Structure formats: C-alpha cells, structure tokens
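For reference, the structure discussed in these notes is given below.
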Amino acid sequence: MKTVSPFRELDPAAQRVTIRWQGRDLVVPAGNLAAALLVAGIMPFRHTPVSAAPRGPFCMMGACFDCLVEIDGVNRQACMIEAAEGMAVAMPRVENRE
Amino acid sequence: MTAADLVIIGAGPAGMAAARTAADAGLSVLLLDEQPRPGGQIYRDVERVAPVRGALLGEDYTAGLPLARGLDGDRITRVPGATVWSIENGTRVAWTAEGRVRQAAGRRLLLATGALERPMPLPGWTLHGVMTAGAGQILLKQSGIVSGNAVLVGAGPLLYLVAAQMARAGSPPRALVETQTPRDLSAAFRHGSGALRGWRLMLKGIGLLAELRRAGVPRHRAARSIAIEGTGRAEAVCFQSGGRRHRVTCDTVYLHHGVVPNTQASRAIGVEHRWNAGQHAFEPVTDADGRTSLRTVFAAGDGAGIGGAKAAELAGRVAALAIARDLGAIDDTALAAATRPLRHALARERAPRAFIDAAYPPFAEALLPADDTIICRCEEVTAGAIRGFARLGCLGPNQAKAFGRVGMGPCQGRSCGLTVSAILARENGRTPEETGYFRIRPPLKPVTLGELAALTAADENEIDRRR
Amino acid sequence: MQPDYAIIGGGVVGLSVAWGLLKRGFRVLVLDGGDRTYRASRGNFGLIWVQSKGLNEPAYARWTRNSAAAWAGFAAELADATGMPLGLNQAGGFDYHLDEAALERRVAQYEGLKAALGGDYPFEVLGHNALKREEPNIGPRVAGAILHHGDGHVNPLRLLRALAGDVRRLGGEVRTGVEVIDVVHGDGFTLTLADGGTVRAARVVLSAGLGAMTLGPKLGFLAPVRPQRGQVLVTEKLPKLMNRPSGIIRQVDEGGVQIGDSNEEVGFDDGVTLETAAAIAARAVAVFPALERAQLVRSWAALRIMSPDGLPIYQKSPTMPGASLVTCHSGITLAAAHARFLPDWLEDTAEAPDLEVFREDRFAVS
C-alpha cells in the first residue's frame, strides 16, 4: 500500500531507522515515533474501543491519548516515545463491541 | 526511595529556572520530566534543535537555551522520560521511566507542569488529521516536519506564530480561520496600562501578520459555525465569515484558542483551586511565592496560571528562593534581595496578560458546543449528553462522570474537563466554582499493572487470607 | 401535592426504593446530595453477588438470592423503559484462590451454608485444569475457584442513570444538591433542609448511606453504620479476557477490567494509596498474567456503609411511625429486592417479606 503523507521533512537527510508497523518494515526518521509515523503517511494510528472511530495524533504532548499504539504488548502514547531500530509497533487491539 | 530537598515536576521554563536557582542556593534538586530532553513545550528539545532550526523558530524559542544548559551541575539530578503518576502526602512521588517504577520523597515539591491547549471541541475535531496548533508547532520544532496542506483555526498569538513558522519552512497554511472579532480587540484596549505592554506584543503580532501576507495566506476573520468535514480523516474546514459560507479543503487542521493551566497534578494533591474568569480556566491558589494551600507544595509557571514563558521562568526562580528560605538554605535578607528584581520583572511580564486574554477570547462555540459535538474524546460523549445529565439533576462533573463515563478515559478529563464544567454551570445556572471540576486521582497517567504490582513485596496469598 | 414518601438519599438504594414505590402508584419525592457527597453508588464494584453472603445468617443468604433471582426482570423493565441496557450478566461468578488450603476452608463454609439452606445453594468447586477450560487466561498460580451459579454483575453506573431517569419518568420528583438536617414528626413529617427550606411528606425512608449516622438518631434509629474504605483499580478497555466476574476482578461490558478491593477502617478518608493499589494489582496479575501489560487508567476509593455485622438494616422507627431506615453495603445486589419487595414491607401488606432478622435491635446492648 503506497501512502502519501501530508507532512514533509525539512531535513530529508536526517538519520533513518527501520521499524515494523503492523508487521511490515517501515523506514522512518529517527526521533519522535508519532512524528515518524506521520511523515511515513501512517494514518490512523488506532481505532477507538468505544465506536471503532479512526484516530491519530492530536496534542503531541502526552495529554490526549489519541496516538496510542501497541509496543511490546503495551498500549503507549506514540508522541512520548522515540523510534528505535527494530521497534515493532501496531494498532492497539480492540474488541468489536457493535 | 530517592530523597531530595526539592522535587520539581516539569522541565519547562519554570522547572528549569527553579532547578538552577535552588541548586545555586545549596539545595539538592530532583528534576522529573516526561520528555527525553529538557525544554518543556515552549523550548521543546531546544539544545538539540536550536542549532538546526533556531533561525526558523525565532528568538522566542532559542531563549530557552541558557535554561537548558543551566541544568548541568552537581546538585541537580535529572530524570528524563519520567512519567509521574502518583503524588502522596504532598511530596512523595512515584514515576515510571524506561518501564520501571521509582519513588522519591522531597522536603518540598514544585509543580511546574505547564499548560495544555484549551480544548476546542468543534464538529469533526476527532477526525484524524485534526490536531492542536501546539502539536503542529511541536512537530515542526522537534521533528522538523511540516504539513503542506493545513488550515489553522482559532484565535491567539500562537496561531499567528505557528502560521508564520510554517511559512518560513516553505509550507504556508492554506488559510487562517480566525474566531477573533474586531470587537474583542477594542474591548481589550480597556485594560489600561496593560494595553500599552500588550500593544508591543501586538506589534510583534503585526510583524507576523505581515509575514503571512507576504506568504499569501488568506485570513478569514470573525469566523462562525465552524465545522471540520471528512470521512474518518479531515478533508475540509467549513465556516461562516464575511457574510458567506466557506469550505477550504485540506488534510491537516490545527486548532487553537488559548492555553490553560495543566492542573492534573495539583488537583490530585488536593490543593485549593479557583476559577480565573479572565482566562476561563481553573488554577491552583498560590501566594506571591507560588506556595499552594499545602505548605510543602509550590506551583510556578503556566500550571499556576497562564503567564507565558518569561513569567514562568521568573516565577520558578521566586518559588525556588522561597523554598530555599523554607529549608534554611538562605535567610530572609538574602531572600528579599534576590526576589526583589524578580518580582518587578514578573509584574512587568504579567501586566499585558489581561489585555491579551481580552483580545483573544476563547471561541464561544467551543466553550459551549452544540449538542451533537463530541466533547470527551476518550469515551466519545457529546455535549448534548451532558445537558441530558443536567436534566437528571446532575450538578457537577463527578456525577456526570458516573452518569455517562465522561472523563473516565485514559486522558483523565484533560480534553473535556473544562467543557463539562462549563456546560453544567450554564445548564444549572451556577458558577464554574460552584459547579466544580473532576476529582483527579492517581494514576495521573496510565501505568501498567505489572509496573504497579512490582512495588509490592506482599505475598498475594497473604492478601488472600486477609479477605 | 404532598408526597406519600420522602426518600432521603438518591443513590442506588434510595432510587430503587423510590422506583418500586412509584410502580405501586405512590407519590415520591427523592432528596439527594451534591456532586462531592460520599457516594457508594458511584464507587462500587457492580457485582450481583450471592456467594459468601450470609455465611452466618441464612436469612441474609436467602434475601440475597431472592434479589439475584429478581434481577433479570427488574433490569429488563428498566432497560425497556429507558432504552439503556444495563449490561446484566448472571452466568455465575468465581471466587479465585491462589492457596489450596484457603480454597478448602471456604468450600467447607459453603457446605455448611448449603445444609442450613436445605441444599439450595448451587456452587461447584473447580480445580486448576477445570477452571482453565472456563477461563483460559488464568495464570499457573491459581489453585482453583468456587463457581457459584447465582452470581453475576451489572454496569452499576448505567443502573444509577437508568434509575435516575426512570424515577423521573414515573412522576417522581428528585431534588439534588440538598441536605436534610432535621426531621420533625406530627401529622406527617416535616424535613428541614440545610438551605433553610422545608419539605413535607406522609412517610419517610432514610436511605442516606453514611448520612444515616447523623440523621438516623433524629428519627429514632440507632443507625450504627460506619464507613469502610474499598479501593478499586480499572484498566484501559481490553479485548475480552475473562468470561465471568469474580469478587475481586471483573471485566465490565465496556471492556475495562475492574480490580478490587480492600477493606480499610480509615474513617471518612476516601483517598487511594499506592501501597494498597500495588497489592491489588499484584493479586490481579497473579490470577490473569496478561494484565501485567494492561494500563491502569483509573483508581478510586469509596466508602462502604457497614453495619456492625455487615448485614443490611431494615428498621421501622420505634418513635416516629411512618419512618423507615434502609441501609446496606450491597445496594447493587439488593437493588431488585428493594424495588420489588420493600414496598410491601414499607406498606405492611400481606406480601411483606420477613425482614425481622435485619432489625437493628440485634445491635442493642443487653
């Protein structure tokens, strides 16, 4: 799936790391994970457990929890994490409660 | 358990300045901050970023460099990446860093928790692609990424600054949708001497606006009936302005109508708060030194009432000196001598606040949103549901929480708390103070059960038998 | 028009009684407190729990079972009227044990109660392997569990809201943000409110939880209740992890896993403590190891309303005829009984349940 991000890097020469998103490799800029996923065109980050609505980063400062992703079995705020080489990242698992 | 004379939560301007001042006075300081590197939101990652993008971000950003550099030294222990989630008995804190829980006890605690963007619940604000203007600026500052197809919505100096920075980065926003009206500005000029100081800030703003004009950014004033449209993701901003309906397509929307104190920690400790009518927000009650209603707990910076980065830095220093006096590190004479110039400077910094607050008031439609607008992003509760709870006799946010889960999600009401209080106050004909706010309990931020369980040495069978 | 009943206390207990009375055609006024009043109705565990109730008092075990049996109809009627499902699930509940000996001791107690109830106490004991078939996510340290088929759980907050809505729909008047500070008897009752107002009613039900401590004696009751703190944790919403609730851990219908609880004698302190939260978390992780990676999003404490023997108190005032005290720490479990059966007791009809053992003269010093 080809993804086009609305976000552009000011310094495309920035250091890269390879992470896994939903089981596939993704080469992203090192640094803030939420920013890395955004620039890689990943959207949404998750679906809400209430209505399965798609969501992505909103506040980028750890307040809103809309950028939750699952890392190592734990749902964490992507905006508070630095992308690391080999990091496996996925959408949080939610139950369909419809 | 670590021990320190002073535990500071937050390494923004107030926390960084307080840490340096307290250490210089001879106190041992433990500085806990959630970010990997110091700076807070205003000076986010300043040491790393200033050399790369300092010119683009401007002097208001690089001003944080000396503060961040000032944290080096013997008496300051910095714990980056520390998510503080429990504060007991005023000064005992627990935090998670790198997946492990740690605890510390301080003789004094300084809350330098900064500001949050004021929630701006509009139709469509939960679509992905919608963010706060602060978020857009953080992405630009820290990560050097900019959206090429964004619309900015709201009011306030930050909106202009972000737009100008985006223009400098080569991606000016598609449009500025401004909720401020000419009447707001004329009302602001009634704020006497503050208006004069405010006017200088306005000149800075005029400079930014000139930049935006040169970049060809369309500005829509006094916008009303604002909604973000899209299926799943943001696709357009619709609004009324200049006597007609507009629809500006985009894939990123940045919202902003001011910032409010982040009171999660001060609420959890249980210190007194008051309603600041000029800023439409609650803030902890503090004295001139920043001391809260709890003797051992201080608050400084935007978390104690919005005043901006310069004021935060000064208030952090004043609080640190008062704490040093408390703990006997300096005497009254030294305290008075050291704080006098700081208090003067603080008064100067704060003078234009009332003017700015009046010139850029929060957007009325977002303070009391329409019935079908989601206000609690976590539990997806609408404004209309809250009004329904009021009809069931609900007088305050805690009963609303029980009736409809509003504020029960992981964000602990950060995104909806002020809106819930505002709606209930309006519906019940009571003041925000009478209506009150969510009771905040630990964890201030989520902690895994495994991390929490690791704190106990108790044998579970023992618990089994006690039941 | 003067109400037949003034109900003091608009929590689940008061609203259940009010709802039952309204269904019988009485005019009802509910007087309720404010936003920061102590409210067990907002902090409880949502269990409809039969096992372990009345180990030393078979009449309490029977009253509890009758309520549990009445719950399905009660919930269906409320859900029908309000359009709000209550998340009721009564497919049985577990009492988990990490310690074999403790499990055996508990089983012996249940056998005794079963005999006292003439064999009518449907439980079974599951060892680790049998339990694993019912709850695949339990951890290796779980020795076994007692499965009681009469147990279940409900979404207690939706119950509260449904009652608050339906009491009004049925014509009940509910006044919130008021505090009753005095009651005078004589040609009905006159209640004085903290704001200076007064309210008149033919009869009074005192269901004010811990508020009965001060108000009870003014109505001729002993009201020997005290606060007992219980701390509870709840996780983020998770995919389905467990099938049945237990006394200390359950997954609510919205997905969060709720973990309790503690029994602490700390007066009116309803704060949470790190030490207790950690102990509660450790036990939950021992039972369901997958919870180790679950995020705790909220914790809270609420105050139970405890009588000296832990049983409810149903008492008619010896000095003020027409005034009744209704108090218990199991307001959710007993909500159906309070709605369905208490009106007969309040009205002394031929169908009135026998609640003699719950009189408060059992606490009188002889």
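The values are calculated or read from the model by the stated rules, or taken from the named source; none is laboratory data. Just so it is clear, the structure is predicted and the values come from calculations on it, not from any experiment. Neighbour counts run over all protein chains shown; Cβ positions are idealised from the backbone, glycine included. With ligands, DNA and RNA removed, areas are computed over all heavy atoms of the protein, side chains included. Shrake-Rupley method; radii C 1.70, N 1.55, O 1.52, S 1.80 Å.
So, in the range B:315-333, how many residues would count as being open to solvent by 40 Å² or more (accessible area, probe 1.4 Å) and not hydroxyl-bearing (Ser, Thr, Tyr)?
The number of residues fulfilling the criteria is 7.
Hey, can you tell me all the residues within the range C:37-62 that are closer than 14 Å to C:SER16 by Cβ and part of a helix (DSSP H, G or I)?
Scanning the range C:37-62 gives C:ALA40, C:SER41.
Checking the structure you have, find out if any residue of the range C:114-121 is within 28 Å of C:LEU159 (Cβ to Cβ) and in contact with a His (Cβ under 9 Å, 6 or more places away or on another chain).
Yes, that holds for at least one residue.
Mind listing whichever residues of the range C:271-293 are of a type outside the set (Val, Ile, Thr), open to solvent by 30 Å² or more (accessible area, probe 1.4 Å) and more than 16 Å from C:LYS237 (Cβ to Cβ)? Step through it out loud before you land on a result.
Start the filter on the range C:271-293 by keeping residues that are of a type outside the set (Val, Ile, Thr), which leaves C:271, C:274-275, C:277-279, C:281-284, C:286, C:288-293.
Still in the list and also open to solvent by 30 Å² or more (accessible area, probe 1.4 Å): C:275, C:289-290, C:292-293.
Correct list: C:GLU275, C:PRO289, C:GLU292.
Can you tell me which residues in the range C:317-333 are farther than 19 Å from C:ARG226 by Cα and either small (Gly, Ala, Ser) or open to solvent by less than 60 Å² (accessible area, probe 1.4 Å) (or both)? Walk me through it before giving the result.
Within the range C:317-333, the first condition is being farther than 19 Å from C:ARG226 by Cα, and the residues that meet it are C:317-323, C:333.
Result: C:SER317, C:MET320, C:GLY322, C:ALA323, C:THR333.
If you go through the range B:352-368, how many residues are within 18 Å of B:LYS310 (Cβ to Cβ) and open to solvent by 40 Å² or more (accessible area, probe 1.4 Å)?
Going through the range B:352-368 one residue at a time, the tally reaches 2.
When the range B:140-166 is examined, which residues are found to be more than 18 Å from B:ASP251 (Cα to Cα) and touching a helix residue (DSSP H, G or I) at 6+ places or on another chain (Cβ under 7 Å)?
Going through the range B:140-166, the residues more than 18 Å from B:ASP251 (Cα to Cα) turn out to be B:141-144, B:155-158, B:160-161, B:164-165.
Correct list: B:LYS141, B:GLN142, B:SER143, B:GLY144, B:PRO157, B:LEU158, B:TYR160, B:LEU161, B:ALA164, B:GLN165.
If C:LYS240 passes every condition in (1) more than 27 Å from C:ARG359 (Cα to Cα); (2) more than 14 Å from chain A (Cβ to nearest Cβ); (3) touching a strand residue (DSSP E or B) at 6+ places or on another chain (Cβ under 9 Å); (4) open to solvent by 40 Å² or more (accessible area, probe 1.4 Å) but one, which one does it miss?
Of (1) more than 27 Å from C:ARG359 (Cα to Cα); (2) more than 14 Å from chain A (Cβ to nearest Cβ); (3) touching a strand residue (DSSP E or B) at 6+ places or on another chain (Cβ under 9 Å); (4) open to solvent by 40 Å² or more (accessible area, probe 1.4 Å), only one is false for C:LYS240: (2).
Does C:LEU296 satisfy being more than 27 Å from C:ALA202 (Cβ to Cβ), aliphatic (A, V, I, L, M), crowded, with 23+ Cβ neighbours inside 10 Å and within 14 Å of chain B (Cβ to nearest Cβ)?
Yes.
Would you mind telling me which numbered condition in (1) touching a strand residue (DSSP E or B) at 6+ places or on another chain (Cβ under 8 Å); (2) over 30 Å from A:VAL74 (Cβ atoms); (3) of a type outside the set (Lys, Arg) C:HIS153 fails?
It fails just one condition, (2).
Going by the structure shown, is C:ILE280 within 20 Å of C:SER52 (Cβ to Cβ) and either assigned to a loop (DSSP other than H, G, I, E, B) or away from every other protein chain (no Cβ under 14 Å) (or both)?
No, not satisfied.
For the range C:305-316, name all the residues that are open to solvent by less than 20 Å² (accessible area, probe 1.4 Å), touching a residue at least 24 places away in the same chain (Cβ under 8 Å) and not in a strand (DSSP E or B).
C:SER307, C:PRO312
Would a scan of the range C:115-129 turn up a residue that is surrounded by 15 or more Cβ atoms within 10 Å (Cβ to Cβ), in a strand (DSSP E or B) and in contact (Cβ under 8 Å) with a residue 60 or more places away in the chain?
yes
I'm told C:GLY177 meets every condition in (1) part of a helix (DSSP H, G or I); (2) in contact with a Leu (Cβ under 6 Å, 6 or more places away or on another chain) except one. Can you identify the failing condition by its number?
Only one criterion in (1) part of a helix (DSSP H, G or I); (2) in contact with a Leu (Cβ under 6 Å, 6 or more places away or on another chain) is unmet by C:GLY177, namely (1).
I'd like to verify a number: residues in the range A:51-67 that are facing another protein chain (nearest Cβ under 8 Å) and either open to solvent by less than 20 Å² (accessible area, probe 1.4 Å) or in contact (Cβ under 8 Å) with a residue 40 or more places away in the chain (or both), how many?
In the first step, residues of the range A:51-67 are kept if they are facing another protein chain (nearest Cβ under 8 Å); the result is A:51, A:53-66.
If we keep only those that are either open to solvent by less than 20 Å² (accessible area, probe 1.4 Å) or in contact (Cβ under 8 Å) with a residue 40 or more places away in the chain (or both) as well, we get A:55-60, A:62-66.
So the answer is 11.
Take the range C:334-344 and flag every residue that is open to solvent by less than 30 Å² (accessible area, probe 1.4 Å) and in contact (Cβ under 8 Å) with a residue 40 or more places away in the chain.
C:LEU334, C:ALA335, C:ALA336, C:ALA337, C:HIS338, C:ALA339, C:LEU342, C:PRO343 - these are the residues of the range C:334-344 that are open to solvent by less than 30 Å² (accessible area, probe 1.4 Å) and in contact (Cβ under 8 Å) with a residue 40 or more places away in the chain.
Please work out if C:GLY171 is assigned by the TED database to the domain that holds C:GLY331 and either exposed (fewer than 14 other Cβ atoms within 10 Å of the Cβ) or among the β-branched types (Val, Ile, Thr) (or both). Don't jump to the end; show me each part of the working.
Values: assigned by the TED database to the domain that holds C:GLY331: yes; either exposed (fewer than 14 other Cβ atoms within 10 Å of the Cβ) or among the β-branched types (Val, Ile, Thr) (or both): yes.
The answer is yes for C:GLY171.
List pairs: first in the range C:180-199 and in contact (Cβ under 8 Å) with a residue 24 or more places away in the chain and within 18 Å of C:TYR5 (Cβ to Cβ), second open to solvent by less than 30 Å² (accessible area, probe 1.4 Å) and among the aromatic types (Phe, Trp, Tyr), Cβ under 7 Å, 6+ apart or cross-chain?
Listed pairs, sorted by first residue: C:VAL183/C:PHE189.
Among the listed residues C:GLY322, C:GLY331, identify the single one that is modelled with pLDDT of 95 or more, in contact with a Lys or Arg (Cβ under 8 Å, 6 or more places away or on another chain) and of a type outside the set (Ser, Thr, Tyr).
C:GLY322
Which ones in the range C:130-154 are at the interface with another protein chain (Cβ under 10 Å from one of its Cβ atoms) and open to solvent by less than 40 Å² (accessible area, probe 1.4 Å)?
C:ALA143
Are any residues in the range B:381-437 β-branched (Val, Ile, Thr) and either away from chain C (no Cβ under 12 Å) or closer than 15 Å to B:ALA370 by Cα (or both), and if so, which ones? Step through it out loud before you land on a result.
At the first step, the residues of the range B:381-437 found to be β-branched (Val, Ile, Thr) are B:381-382, B:386, B:406, B:419-420, B:423, B:431, B:435.
If the condition is that a residue be β-branched (Val, Ile, Thr) and either away from chain C (no Cβ under 12 Å) or closer than 15 Å to B:ALA370 by Cα (or both), then B:VAL381, B:THR382, B:ILE386, B:THR419, B:VAL420, B:ILE423, B:THR431 are the ones that fit.
Kindly indicate the residue of the range A:1-49 that is open to solvent by 30 Å² or more (accessible area, probe 1.4 Å) and within 11 Å of the chain's Cα centre (by Cα) and also farthest from B:ARG37 (Cα to Cα) among those meeting that condition.
Within the range A:1-49, the match that is farthest from B:ARG37 (Cα to Cα) is A:GLN22.
Would you confirm whether any residue within the range C:95-109 is outside any strand (DSSP E or B), away from chain B (no Cβ under 14 Å) and either open to solvent by 10 Å² or more (accessible area, probe 1.4 Å) or in contact with a Pro (Cβ under 8 Å, 6 or more places away or on another chain) (or both)? Break it down stepwise before answering.
First pass over the range C:95-109, keeping only residues outside any strand (DSSP E or B): C:98-109.
Filter once more, keeping what is away from chain B (no Cβ under 14 Å): C:107-108.
Next, only the ones that are either open to solvent by 10 Å² or more (accessible area, probe 1.4 Å) or in contact with a Pro (Cβ under 8 Å, 6 or more places away or on another chain) (or both) stay: C:107-108.
Within the range C:95-109, one or more residues are outside any strand (DSSP E or B), away from chain B (no Cβ under 14 Å) and either open to solvent by 10 Å² or more (accessible area, probe 1.4 Å) or in contact with a Pro (Cβ under 8 Å, 6 or more places away or on another chain) (or both).
Return yes or no: is B:ALA55 assigned by the TED database to the domain that holds B:ARG325 and crowded, with 24+ Cβ neighbours inside 10 Å?
No.
Residue by residue through the range A:39-50, note down the ones that are more than 7 Å from chain B (Cβ to nearest Cβ) and in contact with a Phe, Trp or Tyr (Cβ under 7 Å, 6 or more places away or on another chain).
Result: A:ILE42, single match.
What about B:ALA155, is it at negative phi, among the small types (Gly, Ala, Ser) and more than 13 Å from chain A (Cβ to nearest Cβ)?
Yes.
Within the range B:117-135, which residues are under 27 Å from A:ALA30 (Cβ atoms) and within 8 Å of chain A (Cβ to nearest Cβ)?
B:GLU117, B:HIS128, B:GLY129, B:VAL130, B:MET131, B:THR132, B:GLY134, B:ALA135
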